[in-house]
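Okay, handing you the structure first.
What follows is calculated from the coordinates using simple rules that are stated; it is not laboratory data. As the structure is a prediction and not an experimental result, all values here were calculated from the model. Don't worry about glycine lacking a Cβ; one is built from the backbone with ideal geometry, like all the others, and counts go over all protein chains shown.
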Amino acid sequence: MAHAHAAVMQPPAAAEPGSGVYNEKLGMWIFLGSEVMFFTALIGSYIILRFGTPHPWAPPGVILNIPVTAFNTFLLICSSVFMVKAYAAIADGKKHFLRTDPSVPHDWRLWRWVDGGLKFWFLMTILGGATFVGIQVYEYIHLAHNGFLPSGIKEGTHFGELVAQGIVPAATAGIYGSTFYTMTGFHGFHVTCGVVSMLYLFFKKVLPEKYSEHDYRGVETIGLYWHFVDLVWIILFTIVYLI
Amino acid sequence: MATAVAEVKAEKASLGSTLWSWLTTTDHKRIGILYGVTAFVFFLIGGLEALIIRAQLAHSGNDLVSAETFNQLFTMHGTTMIFLAVMPLSAAFFNYIVPLQIGARDVAFPRLNAFSYWVFLFGGLLLNASFLFGAAPDGGWFGYPNLTSKQYSPGLNIDFWVIGLQVLGIASLAAGFNFVVTIINLRAPGMRMMRLPVFTWMTLVTQFLVITAFPVITVALVFLMFDRFFGTTFYSTAAGGDLLLWQHLFWLFGHPEVYILILPAMGIVSEVLPTFSRKPLFGYAVVVYSGLLIGVMGWGVWAHHMFAVGMGPIADSVFSATTMLIAIPTGVKIFNWLATMWGGQVQFRTPMLFALGFIAMFIIGGLSGVMHSSAAADLQQTDTYFVVAHIHYVLFGGAIQGIFAGIYYWWPKITGRLMNEKLGKWHFWLSFIGMNLAFFPMHFIGLLGMPRRIYTYSPELGLDTLNLVSTVGAFLIGISVLIFIYNVWWTRRHGEVAGNDPWRAATLEWTIPSPPPPYNFSVIPEVVSRLPRWSVTQMKAIPEVPPEPIHLPGGSYWPVVTAFGILVMAAGALLHSLWVVLLGGAVLVVGIYAWAFEPFEV
């Protein structure tokens, strides 16, 4: 996608050529660099804790519900795609919500004649993220209700029974809960921050049509963050739920 | 960039001097001064703690302070000096000097810069507020669990430490993002990367270390906090956790942190030496690349802090080797500094004395560092006063002397007056003699078997005299700092007026008035060489009065409000009150919202 960047998206002319990107975008890249280190430390610790312990780990899919979270993962990836659509829309100057194309015969294939603008795709991105967090909260409540806590597995609960039957190893139950809630919790916190920030932008910038094909820095910058958060989730889903 | 905000007539450009103007300032120079003053106060507090420690250890069997108080003192001394004194004193120079050296009017994100300062201030106050509750952190600045686990440290002490350090981390990270973007994107025309002054280069390397190292300690602290607050089991071996995980995470941060502390001082010295040798820095490119190399290699040596753990011969050998390797770029720098002076017209002004002191003391500290790199030798030295001697040679003899070199060097730029030379020399020599008296005997004290972090020792150890010498040295350093404070007070009234460039130095900050006007440069300079003021091809003169109106960003109170939200959240976490945390979170969210959408043009 080769959109011509307007002058405002470039650094001010009176400077030595720097990174070639405007300050907010470079700042976001640098910030994401530190985020990479944050999640690397989290994931690295998890790997050390899980594969360094001599005891067996809980088998996948016994405590955590893989199908529900797989759906949630799909939702988050969709949200990332919506963000790309939002970016492409405003880069083409499409500020509207939805509009129809009269030159195309209207049939059931909506995507042929209904054209989404920034408002539509941005809102869809937010909805995707918010639903993800909602499902995660539901998952937490469900897990805690059945005895799976950050400190381990409570006796006399549904999951406590699994420990008693030896299906879930008792020796690593504590660290299993600790790592699960900390890693997914921090990711959920990141998604929440993204949703809140996008809500800010939606009401203050997107709805009043402050963005145009000449200046859409906010969309691009938050988009970088959003794709990063999605990428991290794919790694987390793999190592925490699947293996 | 659009300038929707009204432009300010340059001759009227002033920032006011009211308390409100300081609270809302986004001017990098003011924020630099705030950083400097605040960090210096913390430096005095940390120094006072050190003096009490030394007074307690002046002779065997002393009972000046209790064991509990002693634990709090050495923990807070280390934490304060590292996070509240050396780092923010360096940050004062980043803020004040870097935009001037690259020919910019401010940093890339002025309000984020103010936010960094306020978060730092609140974090520092929070840590020190622990004294008011009689619950100052007492687990050492390294905070190893399980000593710091709930079971063995049930009080508030460690909570203050865990939360305070996380708050301070936010400040460092925010500043890190800001300065990387500033140095990369805001350079004046012609200021190519390989024309950057070495101090700016070292700032850039330091900030990259900050933004990569601080997330790691944040994770370690989060694990510890969750263990203490929510019963997770990261550091509890009985429930599948791993005690060594903390040590690895902490030193993964901790060793880059060492270079975060020393690289800015190396940058300062690389500015001071050429100026007072009347010669360009010898091997500029090599000094820059060795700084980069130190930054990269600093990531591969962390486990040399853990030889006593018993990681096995292979890990020990690897980390020994990498540690020895890192002495190479450091040695390269030292030879470049010496070669800079070689054949120069060396002028022994106060900044130069401190820079020379830096080189000499850093060599001693560096040599004992190489001794530690041998795992076999290190096993004899671990947890003894030998290590204390080493870190004080590199951090006092190195970082602090480098920072004082910077203070004397840039004081005329910042205040417009030269500090008193005679008092400055008294300051230097007293602190130089004092530090050697205080820290050199510690090598022997340690090798003779005195462990560190014990509150007293028996007379049979036979170390009374050496300890007394060390204590006398520490108090000499204290006196030298008092002389410095008197010098500051004296200079305010009687200091010689500096003019633009009292040292006849080479870099861009000396082309403008002292103190610089709020807009720094009346016109954005066009840089034609690495040493703009020493080159045959002179850059265009910078006019006294700006030829056209200059846009100045206004102040904003949202950074301090947002930072306050973080303080409230931290206090709520300490009180274990979810409601207070949520209240702080609300302030934070509102603060960021208002900040993001207030009219503010850089």
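State, as an integer percentage, the relative contact order of the stretch B:357-496 based on alpha-carbon contacts under 8 Å between residues 6 or more apart.
Values: 159 pairs, mean separation 44.8, N = 140.
So the answer I get is 32 percent.
Also: Could you pull the Rg and Dmax for the stretch A:146-243, using just the Cα atoms, both in Å?
Answer for the stretch A:146-243, Rg first and Dmax second: 20.0, 64 Å.
Cβ under 13 Å from B:Asn520's Cβ, B:Asn520 left aside: what net charge do those residues give with Lys, Arg +1 and Asp, Glu -1? Please report the intermediate quantities before stating the final value.
Values: positive: B:Lys29, B:Arg30, B:Arg105, B:Lys413; negative: B:Asp27, B:Asp106, B:Glu509.
Here the charged neighbours net out to +1.
At a threshold of 8 angstrom on Cα-Cα distance, excluding pairs fewer than six apart, so keeping six or more, what relative contact order does chain B reach in percent? Please list the in-between numbers first.
Working: 1018 pairs, mean separation 121.3, N = 602.
The value is 20 percent.
Taking the Cα centre of the protein assembly as shown as the origin and placing charges on Cβ (Lys, Arg +1; Asp, Glu -1), which of A:Val36, B:Val481, A:Tyr241 is farthest toward the positive end of the dipole?
B:Val481
Per 0.36 nm of contour for each residue apart, how much would the distance between B:Arg453 and B:Thr465 grow if the chain were fully extended, relative to their Cα-Cα spacing? Don't jump to the answer; show the numbers that get you there.
Details: separation 12, 0.36 × 12 = 4.32 nm, distance 1.87 nm.
Taking 0.36 nm per residue and subtracting the Cα distance, the gain is 2.5 nm.
Same structure, new question: At 7 Å along the Cα-to-beta-carbon direction for both A:Val62 and B:Leu64, put a label point, then send me their distance in nm to one decimal.
Roughly 5.9 nm, to one decimal.
Further question on the same structure: What span do the alpha-carbon atoms of the stretch A:39-170 cover on each of the three principal axes, reported in whole Å from largest to smallest?
67, 31, 19
May I pose another question? In percent, how large is the relative contact order of the stretch B:556-602, given Cα pairs closer than 8 Å and 6 or more residues apart? Write down the numbers at each step before the final one.
Details: 51 pairs, mean separation 19.9, N = 47.
Normalised by residue count, the contact order of the stretch B:556-602 is 42 percent.
On to the next question. Do the sum for the protein assembly as shown: with -39,500 (n - 2.57) for every DSSP H run of n ≥ 4, divided by all residues, what is the mean residue ellipticity at 222 nm, to the nearest 500 deg cm²/dmol? Present the calculation step by step, with values, prior to reporting the outcome.
On the way: 25 runs with 518 residues, N = 845.
Value at 222 nm, helices only: -21000 deg cm²/dmol.
Just tell me how shielded A:45-55 is by partners: mean number of partner chain Cβ atoms within 10 Å of each residue's Cβ, no decimals. Walk me through the numbers before you get to the answer.
On the way: counts 10, 0, 0, 5, 7, 1, 0, 4, 4, 1, 1.
Mean shielding count: 3.
Report, as an integer, the average count of C-beta atoms from other chains found within 10 Å of each Cβ along A:142-154.
Working: counts 0, 0, 0, 0, 0, 0, 0, 3, 7, 8, 5, 0, 0.
That average works out to 2.
While we're on this one: With r as the distance between the Cβ atoms of A:Glu161 and A:Phe97 and R0 = 35 Å, compute the FRET efficiency 1/(1 + (r/R0)^6) and round to 0.05. Can you show the working numbers first?
Details: r = 51 Å, r/R0 = 1.46.
Taking R0 as 35 Å, the efficiency between A:Phe97 and A:Glu161 is 0.10.
Write down the Å³ per residue value for the convex hull defined by the alpha carbon atoms of the stretch A:31-76.
83
Kindly express, to the nearest 10 degrees and within the range 0 to 90, the angle between helix B:313-341's C-alpha long axis and the longest C-alpha principal axis of chain B.
The angle comes out near 40 degrees.
For chain A, with only Lys/Arg (+1) and Asp/Glu (-1) charged at the beta-carbon, what is the dipole magnitude about the Cα centre, in debye rounded to 20?
Numbers: 14 positive and 15 negative charges, 57 e Å.
The dipole of chain A has a size of about 280 debye.
Rounded to the nearest 10 degrees, what's the angle between the helix B:67-79 long axis and the longest principal axis of chain B, both from Cα atoms, 0 to 90?
For helix B:67-79, the angle is close to 30 degrees.
While we're here: Only Lys, Arg, Asp and Glu count, each charged at its Cβ (+1, +1, -1, -1), so figure out the dipole size of the protein assembly as shown about its Cα centre, rounded to 20 debye. Mind showing how you got there, number by number?
Numbers: 42 positive and 42 negative charges, 344 e Å.
Value, rounded to 20: 1660 debye.
All other residues with a Cβ under 15 Å from the Cβ of B:Val287 taken together, and with Lys, Arg as +1 and Asp, Glu as -1, what is their net charge? Write out the running numbers ahead of the final one.
Working: positive: B:Arg195, B:Lys279, B:Lys333, B:Arg530; negative: B:Glu271.
Once positives and negatives cancel, what remains is +3.
What does the charge count around B:Val198 come to, taking other residues whose C-beta lies under 12 Å from its C-beta (Lys +1, Arg +1, Asp -1, Glu -1)?
Details: positive: B:Arg195, B:Lys333, B:Arg530; negative: B:Glu271.
Counting the neighbours of B:Val198, the net charge comes to +2.
P(r) for the stretch B:556-602: what percent of alpha-carbon pairs falls in each 10 Å bin, starting at zero?
Result, from short to long distances: 33, 43, 19, 6 percent.
For chain B, with equal point scatterers placed on the C-alpha atoms only and solvent neglected, what are the log10 I(q)/I(0) values from the Debye formula at q = 0.06, 0.07, 0.09, 0.12 1/Å, to two decimals?
Here log10 of I(q) over I(0) equals -0.31, -0.42, -0.71, -1.29.
Still on this model: Projected onto the charge dipole of the protein assembly as shown (+1 at Lys/Arg Cβ, -1 at Asp/Glu Cβ, origin at the Cα centre), which of B:Thr206, B:Ala505, B:Thr323 gives the Cα projection farthest towards the positive end?
Towards the positive end, the residue furthest out is B:Ala505.
Let me know the whole percent of all Cα-Cα pairs from the protein assembly as shown that are separated by more than 40 Å.
Values: 145442 of 356590 pairs.
Roughly 41 percent, rounded to a whole number.
Between 0 and 90 degrees, rounded to the nearest ten: what's the tilt of helix A:217-236 against the longest Cα principal axis of chain A?
Approximately 20 degrees, to the nearest ten.
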